[in-house]
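Heads up, the thing below is written out as structure tokens.
The values are calculated or read from the model by the stated rules, or taken from the named source; none is laboratory data. Since we're looking at a predicted model, the values are computed, not measured. With ideal geometry, Cβ positions are generated from the backbone for all residues, glycine too; neighbour counts draw on all protein chains shown. For the accessible areas, the whole protein counts, side chains as well, though only heavy atoms, and no ligand, DNA or RNA atoms are used. Shrake-Rupley method; radii C 1.70, N 1.55, O 1.52, S 1.80 Å.
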Amino acid sequence: MPEYDYIYLGDNARAPYGTRSFEVVYQFTRQAVSFLFEEGCQLIILACNTASAKALRTIQQTDLPRWDATRRVLGVIRPTVELVDRVSRSKHVGILGTSGTIASNSYTIEIAKMFPHIQVTGEACPMWVPLVENNEFNSPGADYFVEKHINHILSLDPLIDTLVLGCTHYPLLIDKIRKFLPAGVTLLSQGKYVADSLQDYLRRHPEMDRKLTKGGTCRFMTTESAEKFSEAASIFLNHPIQVSHIVL
């Protein structure tokens, strides 16, 4: 969807969110959403599983009606959940996520609403985000932490045939994860599915699509140092970017 205008805000100074309490994640996420609304955004995606798990519902139900009921805040969990029944044959699904995402049981709750016949097992992988953010995801040391959690979740439920990468950092570990996965286990990586879901959302809500500007621009902002963020972003984007530092 390159024709749209995007603003990316990374709260890198206070990341990772995965180990923080519900209240703190909600307050941090609320501040970021408020900032993006002030920048003119009409539609915001919480591109973080922890924020989607711990803050999205409260923002949608409590804050949006007070701020502007015509704007929208969406998360990354539901678009992923919608796929699991189609993909899983055994109806046994595993979720790999941060401690916060797993402790919230958000995937388990959402899957139970839509597909109550599916059995869900969660596995917290607290070292995986630091491995990615410190550019160690291809190192031999990463093998230990990846193999440890893959083996543990499959020992909890050997019938798992579908694993959800429930964190936006984890796709950078995907080669390592596949290395330790037995044949027949499918990995669901969120990026493409969230993008497809956004496209579908805008098709179904033309009134929102008309409000979105389409100049093909992308602005990057961070609460950390711009230089540090730019270095980390290049790991994901494979090209340099211009970044602005902001304070929430």
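The table below gives the values:
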quantity	calculated
Whole-number accessible area per residue in Å² for segment 134-182, which is evaluated in the context of all protein chains at 1.4 Å	48
Share of carbon and sulfur in the accessible heavy-atom surface of segment 158-248 [1.4 Å probe, %]	55
Tilt relative to the chain, helix 77-87 - C-alpha long axis, 0 to 90 degrees, to 10	40
Relative contact order, percent, the chain [alpha-carbon distance under 8 Å, six or more residues apart]	26
Placed amide H near T121: partners under 5 Å, 5+ positions off or other chain	V93, G94, I95
Cα centroid separation, segment 116-149 to segment 202-248 (Å)	26
Of the GluC sites (Glu not before Pro) in segment 77-170, those whose Cβ has at most 15 other Cβ within 10 Å and which sit in DSSP loop	E136
Probe 1.4 Å, protein heavy atoms only - accessible area per residue of segment 188-248 in square angstrom	63
Solvent-accessible area, 1.4 Å probe, carbon plus sulfur percent, for segment 27-88	45
Whole-number accessible area per residue in Å² for segment 20-126, which is evaluated in the context of all protein chains at 1.4 Å	44
Nearest-ten-degree value, helix 140-156 long axis tilted from longest Cα axis of the chain	70
